[in-house]
Amino acid sequence: MKGLDLAEAYYHTHGAPMITSRFGPFAPRIAVGLVGPGSECFGFDDDISRDHDWGPGFCIWLKADDFEAIGADLQQAYESLPDAFNGFGPRMASSGEEARTGVGDISAFYKTHTGLEHLPGTLDEWLHIPEQSLATSTNGRIFADPLGEFSRWRKALLDFYPEDVRLKKMASRCMTAAQAGQYNFERSLKRQEFFALHYAETKFCADVISLVFLMNKRYTPFYKWMHRAVTELPLLGNEIHAMIFELIDCPEYDEKQAIIEEICGLIIITLRNEGFSDSDSDFLLDHAHRIHDQIEDPVLGARFSVVD
């Protein structure tokens with residue numbers, strides 16, 4: 001059983017009756033689900049994942065005034081629920097990670113991941129939120145949200161970056177992927193600098209995956225899940241997953257260089273087909289400039305630079 005399915009069944013069997021019976025007047029204002037750090041929230045949990053931060057449990061989110069009124073009592077009631085469910089449990093929380101489940105304040109949850117007490121409103125605010133944090137705060141599943149407040153924040157983030165921010169990040173990924181894969185990989189090989197060579201290969205793979213996520217208007221998750229998660233993307237997802245696996249599995253450096261160029265060629269064709277570039281160049285950096293030129297905001301578009 002996947003952690004998300006276990007959590008939802010546990011909530012409906014034990015959590016929902018507890019909330020209705022003990023906090024009935026607040027029930028229409030309580031959001032429940034499982035969102036946040038960990039493989040289970042991305043649906044990537046397996047047998048190996050079950051040794052920590054996995055098992056029966058869910059999140060309960062309240063608005064600030066409701067959290068002040070019933071948060072402590074609701075947390076106590078949550079902790080009184082059965083430790084085991086459907087043959088699984090108890091949930092073993094890592095030190096410092098106890099708050100992954102249980103009762104929390106909606107705005108505090110999103111502040112933890114975005115650094116903001118409000119939804120990002122400016123381009124600068126969007127740029128300064130780590131993409132991994134946006135993936136973490138919008139993953140998982142909502143089991144109940146009658147008030148809709150938690151889902152309002154979630155939807156606003158899932159609607160993705162403002163287009164100028166997306167273009168800035170796409171241009172940056174094209175630039176760094178070109179630098180790592182099409183430039184430094186070959187030069188490192190000629191110099192027999194194998195640390196730099198393997199770093200360039202890994203950097204290229206990570207930036208290509210990130211670029212494909214941006215093209216699909218999806219946030220890139222933590223590096224451990226990037227390669228697996230890319231298969232979920234409709235545009236280039238399966239192709240890039242297969243080609244990157246071929247690249248890292250290939251033992252011959254000259255063949256690796258050919259695969260890197262093949263990956264860049266596929267991305268370039270897609271960038272042109274999707275209207276992001278009109279360049280005929282086979283160097284990904286030239287397409288980065290074309291993408292950057294489409295940024296409308298004068299401040300954001302003033303300087304071509306790398307952004308996270």
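The values are calculated or read from the model by the stated rules, or taken from the named source; none is laboratory data. Because the structure is predicted, anything quoted here is derived from the model rather than measured. As a convention, Cβ positions derive from the backbone with ideal geometry for all residues, glycine included, and neighbour counts pool all protein chains shown.
Is there a residue in segment 223-231 that is farther than 30 Å from Cys41 by Cα and not charged (D, E, K, R)? Write out each step before concluding.
From segment 223-231, those farther than 30 Å from Cys41 by Cα are none; that's our starting set.
No, that holds for no residue.
Where residues in segment 1-50 are among the aromatic types (Phe, Trp, Tyr) and touching a residue at least 60 places away in the same chain (Cβ under 8 Å), which of them is surrounded by the fewest Cβ atoms within 10 Å (Cβ to Cβ)? Even if it seems obvious, please write down each step before you answer.
Pass one, segment 1-50, residues among the aromatic types (Phe, Trp, Tyr): 10-11, 23, 26, 42, 44.
If we keep only those that are touching a residue at least 60 places away in the same chain (Cβ under 8 Å) as well, we get 10-11, 42, 44.
Numbers: Tyr10: 25, Tyr11: 25, Phe42: 21, Phe44: 18.
The selected residue is Phe44.
Tell me, please, whether a residue that is surrounded by fewer than 18 Cβ atoms within 10 Å (Cβ to Cβ), of a type outside the set (Val, Ile, Thr), more than 24 Å from the chain's Cα centre (by Cα) and more than 20 Å from Thr13 (Cβ to Cβ) can be found in segment 104-112.
Looking through segment 104-112, none of the residues is surrounded by fewer than 18 Cβ atoms within 10 Å (Cβ to Cβ), of a type outside the set (Val, Ile, Thr), more than 24 Å from the chain's Cα centre (by Cα) and more than 20 Å from Thr13 (Cβ to Cβ).
Kindly check whether there is at least one residue in segment 251-272 that is assigned by TED's automatic domain parsing to the domain that holds Ala171, farther than 30 Å from Asp46 by Cβ and small (Gly, Ala, Ser).
yes
Mind checking whether some residue in segment 259-269 is free of Cβ contacts under 8 Å to residues at least 12 places away in the same chain, in a helix (DSSP H, G or I) and either under 15 Å from Ala180 (Cα atoms) or touching a helix residue (DSSP H, G or I) at 6+ places or on another chain (Cβ under 8 Å) (or both)? Please lay out each step first, then the result.
Keep residues of segment 259-269 that are free of Cβ contacts under 8 Å to residues at least 12 places away in the same chain, which gives 269.
Filter once more, keeping what is in a helix (DSSP H, G or I): 269.
Filter once more, keeping what is either under 15 Å from Ala180 (Cα atoms) or touching a helix residue (DSSP H, G or I) at 6+ places or on another chain (Cβ under 8 Å) (or both): none.
Scanning segment 259-269 turns up no residue that is free of Cβ contacts under 8 Å to residues at least 12 places away in the same chain, in a helix (DSSP H, G or I) and either under 15 Å from Ala180 (Cα atoms) or touching a helix residue (DSSP H, G or I) at 6+ places or on another chain (Cβ under 8 Å) (or both).
Considering Ala16, Ala7, which residue is assigned to a helix (DSSP H, G or I), out of contact with any Pro (no Cβ under 6 Å at 6 or more places or on another chain) and more than 18 Å from Arg154 (Cβ to Cβ)? First the steps, then the outcome.
Numbers: Ala7 fails: more than 18 Å from Arg154 (Cβ to Cβ).
Selected residue: Ala16, the only one of Ala16, Ala7 that is assigned to a helix (DSSP H, G or I), out of contact with any Pro (no Cβ under 6 Å at 6 or more places or on another chain) and more than 18 Å from Arg154 (Cβ to Cβ).
Taking the condition over 29 Å from Asp45 (Cα atoms), without any contact (Cβ under 8 Å) to a residue 12 or more places away in the chain and not in a helix (DSSP H, G or I), does Gly96 pass?
Values: over 29 Å from Asp45 (Cα atoms): no; without any contact (Cβ under 8 Å) to a residue 12 or more places away in the chain: yes; not in a helix (DSSP H, G or I): yes.
In short, no.
Mind counting the residues in segment 136-151 that are within 12 Å of Leu62 (Cβ to Cβ) and among the aromatic types (Phe, Trp, Tyr)?
Going through segment 136-151 one residue at a time, the tally reaches 1.
Out of the helices (runs of 4 or more DSSP H) lying entirely within segment 126-232, which hold 2 or more residues that are more than 18 Å from the chain's Cα centre (by Cα) and either free of Cβ contacts under 8 Å to residues at least 60 places away in the same chain or assigned by TED's automatic domain parsing to the domain that holds Asp249 (or both)?
On the way: elements: 131-137, 149-158, 163-177, 185-191, 194-215, 223-229.
Output list reads 163-177, 185-191, 194-215.
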